[in-house]
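Have a look at the structure below before the remarks.
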Ligand SMILES: Nc1ncnc2c1ncn2[C@@H]1O[C@H](COP(=O)(O)OP(=O)(O)OP(=O)(O)O)[C@@H](O)[C@H]1O
Ligand SMILES: Nc1nc(=O)c2ncn([C@H]3C[C@H](O)[C@@H](CO)O3)c2[nH]1
């Protein structure tokens, strides 16, 4: 299993799709389009943060269980990033200490379940690192209405917080081999040469792991 990681709008779904196509494997996308809580959360984070965290955690776990069935399936965001969002929600007063503790216990329980599976961890984590400016630009061009800073200026600070958490999160991540891609410089969406370069890097990593 290959997992993508990175801030909002970094390019995870785009690269996940390209990887799935290249490797002939399945892609498990983050539950965004049919998510009944996400837009409510963006409107009223205090009311919906805990529910949204539980929603994502549940969906993530479901995807992981399916993804493990075949080598090199691709997951658009890792379960290890969920705690990053949760902790921010706690810092911002969107979840209570009791909610934080309950969530953490549930997450630990779920991670323990994964330990019991034939394949315990992802084979490779690919972190897409983008600057804050790129993050904002991508969110704007993708244009999900509830994510727009233009209509909800307070999101600017929230996005800055999410963006700032990622470098330390990536440094601390040690559940599997990991690689970092510079998403500002590498345009794997519009430039076929850049995409070919990225696919070659990933193929190299998978070959090292005897997965190609
Ligand atoms: N390397 C890139 N170069 C140019 N445009 C990109 C690149 N990566 C992504 N984009 C564009 O940026 C937008 C966001 O990309 P994408 O949806 O793949 O991000 P994501 O990391 O999956 O976001 P989220 O965390 O919100 O799910 C899309 O419009 C996509 O076409
Ligand atoms: N609060 C919160 N907690 C999560 O675990 C989480 N995972 C994803 N997201 C948001 C970010 C994008 O808007 C959108 C797509 O990534 O969903 C989250 N938001």
- Query: Which pairs have Cβ atoms under 8 Å, sit 6 or more apart or on different chains, and link a residue in the range 6-19 that is in contact (Cβ under 8 Å) with a residue 12 or more places away in the chain and on the phi > 0 side of the Ramachandran plot to one that is in a loop (DSSP other than H, G, I, E, B) and within 6 Å of ligand 1 (Cβ to nearest atom)?
  - Reply: 6/183; 11/183; 11/188; 11/189
- Name the residue, out of 90, 48, that is surrounded by fewer than 22 Cβ atoms within 10 Å (Cβ to Cβ), at pLDDT 95 or above, farther than 22 Å from residue 174 by Cβ and within 10 Å of ligand 2 (Cβ to nearest atom). 48
- Hits in the range 188-208 - residues which are surrounded by 14 or more Cβ atoms within 10 Å (Cβ to Cβ) and either within 16 Å of ligand 2 (Cβ to nearest atom) or not in a helix (DSSP H, G or I) (or both): 188, 189
- From 82, 33, 39, which residue is part of a helix (DSSP H, G or I), modelled with pLDDT under 95 and within 14 Å of ligand 1 (Cβ to nearest atom)? 82
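Can you find a residue that is over 30 Å from residue 46 (Cβ atoms), more than 12 Å from ligand 1 (Cβ to nearest atom), at pLDDT 95 or above and touching a helix residue (DSSP H, G or I) at 6+ places or on another chain (Cβ under 9 Å) anywhere in the range 96-107?
no
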- Item | Among (1) farther than 30 Å from residue 177 by Cα; (2) within 14 Å of ligand 2 (Cβ to nearest atom), the one test that residue 97 misses | (2)
- Within the range 65-84, can you find the residues that are within 14 Å of ligand 2 (Cβ to nearest atom) and crowded, with 21+ Cβ neighbours inside 10 Å? 75, 76, 77, 78, 80, 81
- residue 117 versus (1) assigned to a loop (DSSP other than H, G, I, E, B); (2) over 20 Å from the mean Cα position of the chain (by Cα); (3) crowded, with 17+ Cβ neighbours inside 10 Å: which is the lone unmet condition? (3)
- Task: Could you list all residues from the range 128-175 that are without any contact (Cβ under 8 Å) to a residue 60 or more places away in the chain and in a loop (DSSP other than H, G, I, E, B)?
- Result: 131, 143, 148, 149, 150, 151, 153, 154, 174
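The values are calculated or read from the model by the stated rules, or taken from the named source; none is laboratory data. Keep in mind it's a predicted model, so treat the numbers as computed, not measured. Counting neighbours? That spans all protein chains shown, and the Cβs are built from the backbone with ideal geometry, glycine included.
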